[in-house]
């Protein structure tokens, strides 16, 4: 009875806060996730939806208890696969990070490790309005402006920062998503993102795409709605498309647990990992 009541409340919250359909909200709330424990405090959940946002979807959600584990930002120089990069750090789980120049192999977003600034944001892309910030392993997702970059390293020497975007949720509300690039925001693509719940639980989430009849991907509005229904209060979009990768260790089938588009992995410039 309690479970049914909680499901009803969750459904009401995620439905009224978005333009998605009642059927989409019900599908998420009632999903019977395939669940495994990667390690105490790290839980892998996989959901295969026959129809969500008008298409089949495959979603991976890695839940991390911040009281037992920390989050890190890994820099790959040169670019490397998410799984091999994560193994090098001794991570328990990881997803690909933020946007990068595929030809040069470096991040195109502000990236700071401690007092060292590895990369700065290129251009004036309006979608790059959020950041993953870790401080001795604790993590937060915050609104970001390019003007913040100039003196940030000097004033926050202990923090690691990875800029990405757009912000999908802030303080429990779904964010206004910049729509300058319609093909990026409204087309169904593979997506990677992360979120924080009110109790501090961190979510690392991937939604596969570009696989007709299996996993077709999501628009950014739909991805934000997914996070709302998963209980997030803050959520940030990371790099997606062919970069979308979720990896875990210490399972009978430990390794890449999503279904990357093109049936192959892409080398990326950075990752977000659990340790």
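Mind telling me which of the residues 73, 28, 62 ends up being closer than 22 Å to residue 167 by Cα, touching a helix residue (DSSP H, G or I) at 6+ places or on another chain (Cβ under 7 Å), surrounded by 16 or more Cβ atoms within 10 Å (Cβ to Cβ) and modelled with pLDDT of 95 or more?
28
Taking segment 169-192 only, how many residues are over 22 Å from residue 26 (Cβ atoms) and in a strand (DSSP E or B)?
3
One line per residue, one yes/no per condition, for (1) outside any strand (DSSP E or B); (2) within 20 Å of residue 194 (Cβ to Cβ); (3) free of Cβ contacts under 8 Å to residues at least 24 places away in the same chain:
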| site | (1), (2), (3) |
| --- | --- |
| 45 | no, yes, yes |
| 69 | yes, yes, no |
| 86 | yes, yes, no |
| 94 | no, yes, no |
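Do we have residue 174 as surrounded by fewer than 23 Cβ atoms within 10 Å (Cβ to Cβ), out of contact with any helix residue (DSSP H, G or I) (no Cβ under 8 Å at 6 or more places or on another chain) and within 23 Å of residue 208 (Cα to Cα) here?
Spelling it out, it is not the case that residue 174 is surrounded by fewer than 23 Cβ atoms within 10 Å (Cβ to Cβ), out of contact with any helix residue (DSSP H, G or I) (no Cβ under 8 Å at 6 or more places or on another chain) and within 23 Å of residue 208 (Cα to Cα).
Which of the residues spanning segment 189-207 are within 19 Å of residue 264 (Cα to Cα) and without any contact (Cβ under 8 Å) to a residue 60 or more places away in the chain?
189, 191
Suppose we filter 133, 73 for residues that are under 18 Å from residue 193 (Cα atoms), free of Cβ contacts under 8 Å to residues at least 60 places away in the same chain and not in a loop (DSSP other than H, G, I, E, B); which single one remains?
One residue alone meets the criteria, 133.
When you look at residue 210, is it in contact with a helix residue (DSSP H, G or I) (Cβ under 7 Å, 6 or more places away or on another chain), on the phi > 0 side of the Ramachandran plot and free of Cβ contacts under 8 Å to residues at least 60 places away in the same chain, yes or no?
Yes: the conditions hold for residue 210.
Condition check ((1) assigned to a strand (DSSP E or B); (2) free of Cβ contacts under 8 Å to residues at least 60 places away in the same chain) across all residues:
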| site | (1), (2) |
| --- | --- |
| 223 | no, yes |
| 235 | yes, no |
| 259 | no, no |
| 271 | yes, no |
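Kindly indicate whether any position in segment 237-244 is buried (at least 24 other Cβ atoms within 10 Å of the Cβ), touching a residue at least 60 places away in the same chain (Cβ under 8 Å), out of contact with any helix residue (DSSP H, G or I) (no Cβ under 8 Å at 6 or more places or on another chain) and in a loop (DSSP other than H, G, I, E, B).
yes
The values are calculated or read from the model by the stated rules, or taken from the named source; none is laboratory data. What you are looking at is a predicted structure, and each value in this text was computed from that prediction instead of being measured. Neighbour counts are summed over all protein chains in view; Cβ atoms, including those assigned to glycine, are modelled from backbone coordinates with ideal geometry.
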